[in-house]
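Input: a single structure, listed below in structure tokens.
The values are calculated or read from the model by the stated rules, or taken from the named source; none is laboratory data. Small disclaimer: the values here were computed from a predicted structure and weren't measured. Note: ideal-geometry Cβ built from the backbone for every residue, glycine included; neighbour counts use all protein chains shown. With ligands, DNA and RNA removed, areas are computed over all heavy atoms of the protein, side chains included. Shrake-Rupley method; radii C 1.70, N 1.55, O 1.52, S 1.80 Å.
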Amino acid sequence: MGDYGQFCPIARSSELLAERWTPIIIRNLLNGCRTFSEIRQGAPAISTALLTQRLHTLERHGVLVRTTNGSGRGATYELTEMGRDLETVCDAMGRWGARWLELEPRHLDPAYVLWATTKLVDVEQIPPGTTAVRFSLRDQPSDNYWILLRRPQPELCTRGAGYDEDLVVRTDSMTFVDLHLRHTSYREALRTGRLELEGPVALTRRFSSWFRASPFAAAEPAERAGAHVMGVLASDPR
């Protein structure tokens, strides 16, 4: 870790939290990830060695606790009070990023987009039992992903899990991002062909109700905020 040599709390916090992947790991833990594989699924590009190192650092500083499973194989990770207190920090970073930073093609990792989709599932709205949904992404045609919709925790899979497919979704990563951020509606995505659903009508009709909006969907990009201000000034007779 870098040492700034400054007593400022921002500097001291940055020494621990501003390292690459650390905020993502904390975000994943705040989103309910508990095992090494769950944390890594929400950070597809991180190496096993680096994730191990980052988790060890956070444990050493008291941000999380690691509990070895009773079998002696594997472990679970849980944020401490110190770690849970970072939720407001992550929320502030998310709102700031949604307002000021442009979304670019390099931000559309399909594996992460579908991981985020899984985290936005409203388990109160999904059908009882297990509903297997296959996602065929046009920007990643060589790969298929499955989301197993079930309570209490939906699961993202990169291989078929032996379930019959109840629904097939054909779309692309950008469409799902637009849907989650409410930049477009499910009705509009279906009308324009950006989203195609194949399966029983009872499922296709309810598909849009299974997902909540991103917690940052309400953030107004700075350009729109600026345009609003300019419009107010233009209408002011003074």
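Here the helices (runs of 4 or more DSSP H) wholly within the range 133-211 that include at least 1 residues being more than 15 Å from T118 (Cα to Cα) and in contact with a strand residue (DSSP E or B) (Cβ under 6 Å, 6 or more places away or on another chain) are 201-204. Within the range 10-37, being of a type in the set (D, E, K, R), part of a helix (DSSP H, G or I) and surrounded by 15 or more Cβ atoms within 10 Å (Cβ to Cβ) holds for E15, R27. Tell me, please, whether a residue that is under 30 Å from L108 (Cβ atoms) and at pLDDT 95 or above can be found in the range 66-76. No, the range 66-76 contains no residue that is under 30 Å from L108 (Cβ atoms) and at pLDDT 95 or above.
A single entry from R66, R73, R40 fulfils the requirement of being under 24 Å from Q153 (Cβ atoms), without any contact (Cβ under 8 Å) to a residue 24 or more places away in the chain, touching a Phe, Trp or Tyr at 6+ places or on another chain (Cβ under 6 Å) and open to solvent by 50 Å² or more (accessible area, probe 1.4 Å): R66. Only a single criterion out of (1) open to solvent by less than 30 Å² (accessible area, probe 1.4 Å); (2) at pLDDT 95 or above is not satisfied by A111, namely (2). Of all residues in the range 171-208, those that are crowded, with 16+ Cβ neighbours inside 10 Å and either under 17 Å from the mean Cα position of the chain (by Cα) or charged (D, E, K, R) (or both) total 11.
The residues of the range 96-124 that are charged (D, E, K, R), under 13 Å from W210 (Cα atoms) and not in a helix (DSSP H, G or I), listed by number, are D122, E124. If A92 satisfies all but one of (1) at pLDDT 95 or above; (2) out of contact with any Phe, Trp or Tyr (no Cβ under 7 Å at 6 or more places or on another chain); (3) part of a helix (DSSP H, G or I); (4) closer than 30 Å to P141 by Cβ, what's the number of the condition it fails? Result: A92 passes all but (4). Being among the small types (G, A, S), open to solvent by less than 60 Å² (accessible area, probe 1.4 Å) and either touching an Asp or Glu at 6+ places or on another chain (Cβ under 8 Å) or at positive phi (or both) is not true of G97. Inspection of the range 80-87 identifies no residue that is of a type in the set (G, A, S) and either over 16 Å from G32 (Cβ atoms) or in a strand (DSSP E or B) (or both).
What number goes with the only condition from (1) among the hydrophobic types (A, V, I, L, M, F, W, C); (2) assigned to a loop (DSSP other than H, G, I, E, B); (3) under 29 Å from R212 (Cβ atoms) that F7 does not pass? Every condition holds for F7 apart from (3). Consider the range 132-170. How many of its residues are open to solvent by less than 50 Å² (accessible area, probe 1.4 Å) and among the hydroxyl-bearing types (S, T, Y)? Counting residues in the range 132-170 that are open to solvent by less than 50 Å² (accessible area, probe 1.4 Å) and among the hydroxyl-bearing types (S, T, Y) gives 2.
If only residues of the range 76-93 that are open to solvent by 90 Å² or more (accessible area, probe 1.4 Å) and of a type in the set (A, V, I, L, M) are counted, the one that is nearest to the chain's Cα centre (by Cα) is M93.
If you filter the range 43-52 down to residues that are at pLDDT 95 or above and either outside any helix (DSSP H, G or I) or open to solvent by less than 60 Å² (accessible area, probe 1.4 Å) (or both), you find that the one that is nearest to N69 (Cα to Cα) is L51.
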